[in-house]
Each structure stands twice: as C-alpha cells, then as structure tokens.
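Asker: Below: one structure in structure tokens.
Coordinate-derived values only; no laboratory data. Predicted, not measured: the structure shown is a model, and the values here were computed from it. Counting neighbours? That spans all protein chains shown, and the Cβs are built from the backbone with ideal geometry, glycine included.
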Amino acid sequence: MEAKDKTGNLRTVTPACSISEDEGLVTVKVEMPGVSKGALEIKIEGNELVVSGNRSPEAHRGHYILKERRAEAFKKFFTLDDSISRDDIDAALVDGILTLKLKVKEAAKPRRIEIA
Amino acid sequence: MDLVKWDSPAPMDLWEAFDGLRGELDRALDPFRIPSVAGLLDQTTAPAVDVLETEDEYLVMADLPGVDKHDLEVSVTGSLLSIKGNKKGERESEKRKIFRKETWIGSFSRTINLPAQIDAGKITAEFKDGVLTVHIAKREEAKTKLIAVAVE
C-alpha cells in the first residue's frame, strides 16, 4: 500500500520548525523524522528557500493496526529578505532534524558608531 | 478495562459546547498533533506511533526527531511495549531572538498493548533519522502457514 491521496501525490505535511537569531546568525530547525540525507532537497528559488524531503517507504509491506504518523513527505517554504546572504548557507541533518544556518549580510547588521 | 479520564458535563451551555467542539476539531486536524493522553495522573507527552503487522512480525514506528539514542529506553513487560525518553534541546542564550517555535522538548513516554501472539525473546529496535523502529517477532504458531493439500 502506498500512502497517496486521491490525486496520486504523497501526503505532504508542513514540518514543525523553529527560527531564532543570535548575533547575525539565523538558525532554522526543521523536524523531518524519517528523511535520509539522500531524500532531502534544499534549494533557493528567487526569494524563497524551499526544503523538501520524502520518507523512505520501508513501511508499506503489511497492514496498519495503528496509524498516527501522518506525513509521507515534507515541504516547507521560507521567504528570505534582502538582509540574508544567499551564498553562505550551512545545512546539517542529524537524527531527523535539519539545521540550517543562514548569515545576515554585513551591510544589514546594526552598526555601532563610535563617538570621536 | 482501561481507565478513561472523566470529563464532567457542565450544565448545558451552548457556547461552551461549541467552544469545546472547535477545540476538538482543531486538534483532530492539526498535522503536528501529539496524542497527549498517556496516563491518568502523570500525563506525559506521547509521540505519534504506527503499528504495522506483516506476515511474521509486528513493526512499531515512532517519530522522535532530535532525540539522542542514549536518551531512549525501550522495554517490554508481558505484552506491553513501553517507549520512554527525553528530548533535549540546546540551552537558549539570553541574547537569542526567537521568531518561531513549533518544536517541543522534554520527556515523553508511550505504552502500547501488543497482541498476545508475540515472541518476547525476539525483539529488536533501531533508531535512524529520528524514527524508532521496533521489530517484534510473532510466535511460530501465530504465523500464517501454508498447508499443501494433495488433490487426488
């Protein structure tokens, strides 16, 4: 049994995420349990950062007694504003959590002006 | 019989009834719904679980993103499978600005009543990409057997 909806697509869920900023470094954590590194795709389309990943279909070889896990695939869009550097994005996937580290452009950081 | 939380019906108030219904619908449609009814007196967070039956085993799969393998405890008592653990988060610094927080941290536990025909001696568990998979073998006599009937 493949868990597909009526249109033939995988059941896609928006993953839970957390976004925080600390001194010019924006950390985005996206929970994508069951997604391996190879099934994950991160791309930038214009002003959008798109994260998508499919779960491995290992499960579909019996019948379900209980089914609470909903997602078969994950997809999440983030809008990047001009202050975020597009070239310097760091991504790591550990234990089902994708951590993205984005940098705020130097020009957009608050600048302290020294008093002469 | 399982113990079920007693919900005392207040004197009929239509608005309250609608309010409760809306909350229930919201919870039912929430994709991140964490089933939170685990325990009557010590309620803990319970992860979402799938139980799958194949020809010769049961598979229990639980979504536990961000949980360390060493903080996870899987045990079987009789026909009860228990999954316990602690999801740790990193310490937040004071200066950190939080824009969004949908993830949770803390302890969790989940107990599942397994069918009687399991072989308690043959249980293995693996944890990969934030998903815990427990393989529980069926007893020999519970497996589907193919009996060839000779037709004369």
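Asker: If we count GluC sites (Glu not before Pro) as exposed when they sit in a DSSP loop and have at most 10 other beta carbons within 10 Å, what is the longest stretch of chain A that avoids them all?
Answerer: Answer - A:24-113.
Asker: Suppose every K and R has +1 on its Cβ and every D and E has -1 on its Cβ; what is the size of the dipole of the stretch A:12-108 about the Cα centre, in Debye to the nearest 20?
Answerer: In debye, rounded to 20, the stretch A:12-108 gives about 640.
Asker: Which residues make up the longest stretch of chain A clear of trypsin sites (Lys or Arg not before Pro) that lie in a DSSP loop with no more than 10 other Cβ atoms within 10 Å, not counting the sites?
Answerer: Segment A:7-110 is the longest.
Asker: Under 8 Å for C-alpha pairs, at least 6 residues apart: give me the relative contact order for the stretch A:12-108, rounded to a whole percent.
Answerer: Relative CO of the stretch A:12-108 lands at 35 percent.
Asker: Given R₀ = 41 Å, FRET efficiency for residue B:142-residue B:84 by Cβ-Cβ distance, to 0.05?
Answerer: 0.90
Asker: Give the long-range amide H neighbours of residue B:57: residues separated by 5 or more places, or on another chain, with amide H under 5 Å away, using H modelled in the peptide plane at 1.01 Å from N.
Answerer: B:138
Asker: In addition: Could you state the per residue volume, in Å³, of the convex hull enclosing the Cα atoms of chain A?
Answerer: Expressed per residue, the convex hull around the Cα atoms of chain A is 123 Å³.
Asker: When chain A is modelled as a GNM with alpha-carbon springs shorter than 10 Å, which of A:25, A:102, A:93 fluctuates the most?
Answerer: Among A:25, A:102, A:93, the largest mean-square fluctuation in the Gaussian network model of chain A belongs to A:25.
Asker: On to the next question. So which of B:69/B:122; A:43/A:67; A:76/B:84 end up more than 23 Å apart, counting from Cα to Cα?
Answerer: A:43/A:67; A:76/B:84
Asker: Sticking with this one: Taking H as built 1.01 Å from N, whose amide H comes closer than 5 Å to the amide H of residue B:118, not counting residues under 5 places away?
Answerer: Counting only residues 5 or more places away or on other chains, the set is B:139.
Asker: Any idea which of A:115, A:34, A:80 is furthest toward the positive side of the dipole for chain A, if Lys and Arg beta-carbons carry +1 and Asp and Glu beta-carbons -1?
Answerer: Projecting each Cα onto the dipole axis, the largest value belongs to A:34.
Asker: Within a Cβ distance under 11 Å of residue B:68, other residues only, what is the Lys/Arg minus Asp/Glu net charge?
Answerer: +1
Asker: Then there's this: Just in the stretch B:94-152: which trypsin sites (Lys or Arg not before Pro) are loop by DSSP and have at most 11 other Cβ atoms within 10 Å?
Answerer: Qualifying residues, ordered by number: B:95, B:145.
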